[in-house]
Every structure is written in structure tokens, then in C-alpha cells.
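Asker: A single structure is presented below for examination.
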Amino acid sequence: MTKWAMTRVLWTAGCVATIALIGWLDIVTPVEYSFDAFYVVVVVFAALRGRRAAVFIVGTAAAVACVFDT
């Protein structure tokens, strides 16, 4: 695996980990607080840094975390 490919994998894994953290925060905080905008920020960041597969993975993780919370 090239250095560039490894960097993309690490960025994608970092974005998925960030989505997991935001999802956890969304679960433990009261319903009055919404973290939906933070999900979008991470997905947009993944779109700017990665390729189509990375955006699909991060977007799917964000959708699952958002649905799991509600």
C-alpha cells in the first residue's frame, strides 16, 4: 500500500471514529441538544479529503449513528 493510500485510509478511519464520538455524545446528552450539524461537518470534511468510497463509508456511518440515536 502506498503512502497516499494509507493516508486516505487513516483519514477515513478518523472520520468514522469522530462520527462514533459524536453519536455517543448525541446519546448521552438530553434531547434538547442536537448534534446533527456536526455529522454533516465530518461528512463534508471526508468529501473534501477522500474519494467516493470514503464519503460513502463516512456518510453511511453518520446515517446509522443519527438513526440509532432517535
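Asker: What distance in nm lies between label points placed 7 Å from Cα along the C-beta direction at residue 60 and residue 40?
Answerer: According to this spin-label approximation, the distance is 2.4 nm.
Asker: Okay, moving on. Between 0 and 90 degrees, rounded to the nearest ten: what's the tilt of helix 36-49 against the longest Cα principal axis of the chain?
Answerer: The two axes meet at around 0 degrees.
Asker: Once you keep just the Cα pairs under 8 angstrom separated by 6 or more residues, what percentage relative contact order results for the chain?
Answerer: Reported relative contact order: 42 percent.
Asker: Something else now. Provide the gained length on full extension for the span residue 13 to residue 28, in nm with one decimal, where the gain is 0.36 nm per separating residue minus the Cα-Cα distance.
Answerer: Answer, rounded to one decimal: 3.1 nm.
Asker: Could you give me the percent of Cα pairs per 10 Å distance bin for the chain, shortest bin first, beginning at zero and ending with the bin that holds the maximum distance?
Answerer: Binned Cα distances yield the sequence 22, 50, 21, 6, 1.
Asker: Here's a follow-up. With everything on Cα atoms, drop me the angle between helix 52-69 and the longest principal axis of the chain, reported from 0 to 90° to the nearest 10.
Answerer: That works out to roughly 20 degrees.
Asker: Between residue 52 and residue 2, what is the spin-label point distance in nm, taking each point 7 Å from the Cα along the Cα→C-beta axis?
Answerer: Using points 7 Å along Cα→Cβ, the separation is 1.9 nm.
Readers should treat all values here as calculations from the given coordinates under stated rules, not as data from a laboratory. This one's a predicted model, so the numbers in the text were calculated from it and none came from an experiment. Here the Cβ is made from the backbone with ideal geometry for all residues, glycine too, and neighbour counts use every protein chain on show.
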